[in-house]
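The values are calculated or read from the model by the stated rules, or taken from the named source; none is laboratory data. All of these numbers come straight from a predicted model, not from anything done at the bench. Cβ coordinates were reconstructed from backbone atoms using ideal geometry, including for glycine residues, and neighbour counts include every protein chain displayed. Surface areas here come from the heavy atoms of the whole protein model, side chains and all, with no ligands, DNA or RNA. Shrake-Rupley method; radii C 1.70, N 1.55, O 1.52, S 1.80 Å.
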Amino acid sequence: MTYTDKELEEIEKLSSIYMKISDIAIMLDIPADVLRDDIADRSSLASKAYRKGKIASKVMLHKQQMELARIGSPLALDTMSKNLLDMEDDE
């Protein structure tokens, strides 16, 4: 499916607050299975917008966890250690 710039911005915005694909589809007034298929195709603009929004919020969460780890939060330290291992596994 071809999406307008406005629709792509909406996909990015809604995915950044972790909305389900089915809910995003309702907001865009398109079938959920169509959007789900487009998001599954990692080369599509819809997929890129979806992942970009989701990752932008993930970055924010990681930053907050790092700040908590810096001041000594045991849970944040554990979380950041796991994030580091995930990062190194992905290298």
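To make sure I understand the rule: partners must be lysines, Cα under 20 Å from the Cα of residue 20, and not fewer than 8 residues away in the same chain. Which ones qualify?
Within the straight-line cut-off, residue 20 pairs with 6, 48, 52, 54, 58.
Explain nothing, just the number: relative contact order of the chain, from Cα pairs under 8 Å at least 6 residues apart, as a whole percent.
Values: 76 pairs, mean separation 23.1, N = 91.
Once normalised by length, the contact order is 25 percent.
Using the Cα centre as the reference, give the magnitude of the dipole from point charges on the C-beta atoms of the chain (Lys, Arg: +1; Asp, Glu: -1; all else neutral), rounded to the nearest 20 debye.
Taking the Cα centre of the chain as origin, the dipole is about 300 debye.
Given the alpha-carbon gyration tensor of region 40-91, what are the semi-axes of its equivalent ellipsoid in whole angstrom, ordered largest first, with each equal to the square root of 5 times an eigenvalue? Kindly include the intermediate steps, with their values, before the conclusion.
Values: eigenvalues 152, 36, 7 Å².
Value: 28, 13, 6 Å, ordered largest first.
With a 1.4 Å probe and all protein chains left in place, how much accessible area per residue does the chain have, in Å²? Mind showing how you got there, number by number?
Numbers: 6640 Å² over 91 residues.
For the chain, the per-residue accessible area is 73 Å².
By its C-alpha gyration tensor, with a ≥ b ≥ c as the square roots of the eigenvalues, how is the chain shaped: rounded for a/c under 1.5, else prolate for a/b larger than b/c, else oblate? Intermediate results must be reported in sequence, preceding the final value.
Working: a/c = 3.16, a/b = 2.32, b/c = 1.36.
Prolate.
Which order do you get for 63, 54 if you rank them by accessible area with a 1.4 Å probe, largest at the top?
63, 54
Starting from 0.36 nm per residue, how many nanometres of slack lie between residue 59 and residue 86 once their C-alpha separation is accounted for? Each step should come with its number before you reach the end.
Numbers: separation 27, 0.36 × 27 = 9.72 nm, distance 1.43 nm.
Difference between extended and current length: 8.3 nm.
Roughly how many Å² of residue 30 are accessible to a 1.4 Å probe, to the nearest 10?
About 20 Å², rounded to the nearest 10.
Rounded to whole Hz and in sequence order, give me ³J(HN,Hα) for region 70-86 from the Karplus expression 6.51 cos²θ - 1.76 cosθ + 1.60, θ = phi - 60°, writing x for Gly and Pro.
Values, residue by residue: 4, 8, x, 5, x, 5, 5, 4, 5, 4, 5, 4, 5, 4, 5, 4, 4 Hz.
Please name whichever of 64, 81, 18 sits farthest to the positive end of the charge dipole of the chain, dipole taken about the Cα centre and charges placed at Cβ: Lys and Arg +1, Asp and Glu -1.
64
For residue 50, what accessible area in Å² do you get when you roll a 1.4 Å probe over the heavy atoms of the protein chains, rounding to the nearest 10?
40 Å²
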